[in-house]
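A short write-up of the structure that comes next.
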Amino acid sequence: MKLTLTGIAVLALAASVQTADAMVVGSLGGGGGPFLTLNSSGLNGGAVATLTGGTVYTSDQPFADIPSGGVSGGTFLAAGPTSGQPAVLTFRTPINYLSFLWGSPDTYNTLEITSTTGTYDFTVNSLGFAVTNGNQSFSQYVQFATNPGETILSASFANSPAQDAFETANFSVAAVPEASTWAMMIFGFMGIGLIAYRRSPKAEMRWV
């Protein structure tokens, strides 16, 4: 077995950065929390994401209902012709994972996620929802994750055609590790490699 410090570092970097395959993938699921607070300033009072457009409600409206299944903090975000649209959450720190509860889903709802490499449009049909007729007794958690090398900058909620509302709640995110964290991970991989070398009598160290 031949082991080099350069080889270990290259493997660590390859595991953490793959810009060629960058994309945002959406799917049903998520909802594990912890959930962020939601108010008119955004998520966690605007500390995680600022909100422009849309309206945050604490009770059912003639045009928008609280998403079924329980709403953390008692608030939900509605986007639409009456509530204001689009409702845009702009993240203060880029994230690589977003999850939320999508209330009374219908085919009018349109979600646009903007990342560091482009924009992605999602609908109830593209995500494979079981219910798409706006049934107010049905809600679905959805989640969006990035491949390494791409981060999510904002999420925009709207209706097309502009009628009724797009109701969302129970947001959770995962932030991208800072550069110092990546460096620690790389040195950690290097340390593991050195330990493996020392424990293997057949290992040969080559400095390059």
Q) Inside region 119-160, counting only strands (runs of 3 or more DSSP E) that do not spill past its ends, which hold 1 or more residues that are touching a Pro at 6+ places or on another chain (Cβ under 8 Å) and at pLDDT 95 or above? A) 139-146, 152-159
**Q.** All positions within region 59-78 that are assigned to a strand (DSSP E or B), under 24 Å from P34 (Cβ atoms) and not aromatic (F, W, Y)
**A.** L77, A78
Q. Got a number for residues in region 69-93 being surrounded by fewer than 16 Cβ atoms within 10 Å (Cβ to Cβ) and farther than 22 Å from D121 by Cβ?
A. 6
Q) Tell me, which residue of region 17-46 that is over 30 Å from T58 (Cα atoms) and surrounded by 12 or more Cβ atoms within 10 Å (Cβ to Cβ) is modelled with the highest pLDDT? A) V24
**Q.** Test result for T75, of a type in the set (S, T, Y) and modelled with pLDDT of 95 or more
**A.** yes
**Q.** Pairs with Cβ under 8 Å, 6+ apart, first in region 42-66 and at negative phi, second assigned to a strand (DSSP E or B) and modelled with pLDDT under 95
**A.** T55/G84; Y57/A64; F63/G80; A64/G80
**Q.** Set S160, S154: member being of a type in the set (S, T, Y) and closer than 11 Å to T107 by Cβ
**A.** S160
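The values are calculated or read from the model by the stated rules, or taken from the named source; none is laboratory data. None of the values given here were measured: they were computed from a predicted structure. Note that we place each Cβ from the backbone using ideal geometry, even for glycine, and neighbour counts take in every protein chain shown.
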